[in-house]
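Below is one structure, written out as structure tokens; comments come after it.
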Amino acid sequence: MQQGDVLARGEFERRYAAMDGLKKAELIEGIVYMPSPVRADLHGIPHVRLATLLQVYATKHPGLLVADNATVRLDTLNEPQPDLLLMRANGQARLDADGYISGAPEFIAEIAASSASYDLHQKRRTYLRAGVLEYLVWLADEDRLIWWQLKHDDYVEIQANAEGLLESGSFPGLVIDPPALTTGELATALARLR
């Protein structure tokens with residue numbers, strides 16, 4: 001399997017399983033994407049910050065699952081491996097018998113630096129069409145978060161409130177303080193959760 005191959009999901013999964021040492025490959029609109037290695041400052045550290053925030057939120061709201069880099073079977077041409085996702089245990093996505101997620105999780109987040117164009121365009125369209133309720137992209141090299149909510153068959157950007165906070169429309173109390181999160185003030189970011 002190589003970057004740019006055009007495959008259906010079954011063949012993608014067969015080839016993926018046959019490749020020893022492959023760390024990450026995604027199928028988006030039938031095209032194979034194999035991201036480059038990720039930097040700690042522009043991916044690894046922001047990833048852990050957002051994962052911590054989502055996990056703390058989930059512990060306060062029973063029935064939610066947080067997953068990191070889990071394969072999501074959206075349809076026959078799309079099998080992304082989003083950086084993070086939040087889903088309701090009895091929501092629109094489910095865990096298959098083989099442990100993969102099938103269907104659209106309610107919330108997906110991507111940490112973007114070198115992948116920004118891909119995350120903002122191809123993945124955004126795929127997640128929109130699949131019915132992901134909320135999609136957040138953290139543009140790490142800009143210290144900026146863009147968070148969309150599905151409304152009337154399109155994504156609408158969630159705007160900051162008077163305090164500069166972003167709040168989920170689908171998960172009550174899921175509040176993000178962008179400056180606190182991007183600068184690593186995790187205690188402040190966690191205190192904003194309601």
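The combined condition, being out of contact with any helix residue (DSSP H, G or I) (no Cβ under 8 Å at 6 or more places or on another chain), aliphatic (A, V, I, L, M), surrounded by fewer than 15 Cβ atoms within 10 Å (Cβ to Cβ) and in a helix (DSSP H, G or I), is fulfilled by residue 17.
For the stretch 96-124, what are the residues that are touching a residue at least 40 places away in the same chain (Cβ under 8 Å) and either outside any helix (DSSP H, G or I) or basic (Lys, Arg) (or both)? If the condition is that a residue be touching a residue at least 40 places away in the same chain (Cβ under 8 Å) and either outside any helix (DSSP H, G or I) or basic (Lys, Arg) (or both), then 106, 107, 109, 111, 113, 114, 115, 123 are the ones that fit.
Is it the case, given these coordinates, that residue 32 is assigned to a strand (DSSP E or B), over 17 Å from the mean Cα position of the chain (by Cα), touching a residue at least 12 places away in the same chain (Cβ under 8 Å) and crowded, with 18+ Cβ neighbours inside 10 Å? Judged against the criteria, residue 32 is a match.
Residues that are more than 19 Å from residue 111 (Cα to Cα) and under 18 Å from the mean Cα position of the chain (by Cα): does the stretch 36-57 have at least one? Spell out the reasoning first.
Within the stretch 36-57, the first condition is being more than 19 Å from residue 111 (Cα to Cα), and the residues that meet it are none.
No, that holds for no residue.
Just so you know, all these numbers are worked out from the coordinates, no wet-lab data involved. Values in this document were obtained by computation on a predicted structure and should not be read as measured data. Don't worry about glycine lacking a Cβ; one is built from the backbone with ideal geometry, like all the others, and counts go over all protein chains shown.
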